[in-house]
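Written below as structure tokens is the structure these notes are about.
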Amino acid sequence: MFLPGRLHQVLGQADDEAWQDLLRRHDFWQNPGLRLDAEHDDIAFHILLQEGELARASNAYQASARQFDAVAIPDAVFNDAALEPLVARWAGLHARNFGPGLTVKMGLYVIRAQGTLGFHVDGPVFLRGERVDLSVEPLQRGLLEAQASRRTVLPLRFNDTDRFMVCQWPLPLHRGELFEFSNVLPHAYFNQGPEHAVLLVTTYLVESLLPAEFFGRILGRSGGTSGAT
């Protein structure tokens with residue numbers, strides 16, 4: 001049994017004005033979302049950072065089944081001079097809070113007005129008992145990341161009537177309040193208002209919780225360094 005008070009943790013208040021400026025300058029987040037099925041309707045994950053690097057037009061993530069709801073970000077956004085320093089500062093904030101590691105993913109999750117991100121869990125648990133070869137590297141990585149990652153959410157825009165649910169409990173949403181939750185628990189977002197909801201979602205891998213060899217492979221692929229990205 002999960003207790004409501006243990007489903008998420010408030011990390012503190014964050015200044016979100018730079019992110020709000022980005023949303024005001026660019027309208028990509030207002031584009032139509034995806035309908036994956038009846039329970040995942042009008043949603044879009046706009047990935048800004050992948051494997052420690054800007055997700056620029058290396059938008060190869062679109063072809064990956066692991067990024068099933070990824071929607072491309074226009075080049076004009078990545079060409080915005082303010083974007084890269086903003087992303088780097090935010091990644092560095094996670095390094096200071098959690099210790100050496102790597103921000104492996106960062107993006108803006110948009111649940112459009114009246115849209116639904118139905119209950120789901122992230123990581124290898126999505127396999128739901130299917131027979132799989134656990135020796136495959138992507139699945140091994142998923143298992144490791146599930147216990148070594150910190151998933152944070154910063155609500156940028158939302159309606160008072162929206163519901164961010166973890167298990168059967170609604171999490172309170174406050175602008176500028178950064179919180180984390182375990183994404184291996186069933187979670188969902190129901191947009192019940194007239195405006196799009198925009199959440200800044202960051203996944204940070206903590207180096208001390210991973211085998212050195214595994215973390216080294218990630219750094220080698222990303223070209224990054226441990227600590228602030």
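Quick rundown of the values:
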{"quantity": "Gyration tensor verdict on the range 1-55 (Cα atoms; rounded if a/c is under 1.5, prolate if a/b is larger than b/c, oblate otherwise)", "calculated": "oblate"}
{"quantity": "Theoretical FRET efficiency, 1/(1+(r/R0)^6), r = Cβ-Cβ of E53 and A14, R0 35 Å, to 0.05", "calculated": "0.95"}
{"quantity": "Shape call, the range 147-215: gyration tensor on alpha carbons, a/c limit 1.5", "calculated": "prolate"}
{"quantity": "Packing-based order for 32-39, 6-13, using average beta carbon neighbours within 10 Å, highest first", "calculated": "6-13, 32-39"}
{"quantity": "Fully extended contour minus Cα-Cα distance, from R24 to R96, at 0.36 nm per residue", "calculated": "23.1 nm"}
{"quantity": "Segment R6-F214, length gained on full extension (0.36 nm per residue, minus Cα span)", "calculated": "71.9 nm"}
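FYI, it's all coordinate maths here, none of it is from the lab. Note that the structure is a prediction, hence the values are computed from the model and not measured. All Cβ positions, even for glycine, are placed from backbone atoms using ideal geometry, and neighbour counts span all protein chains on display.
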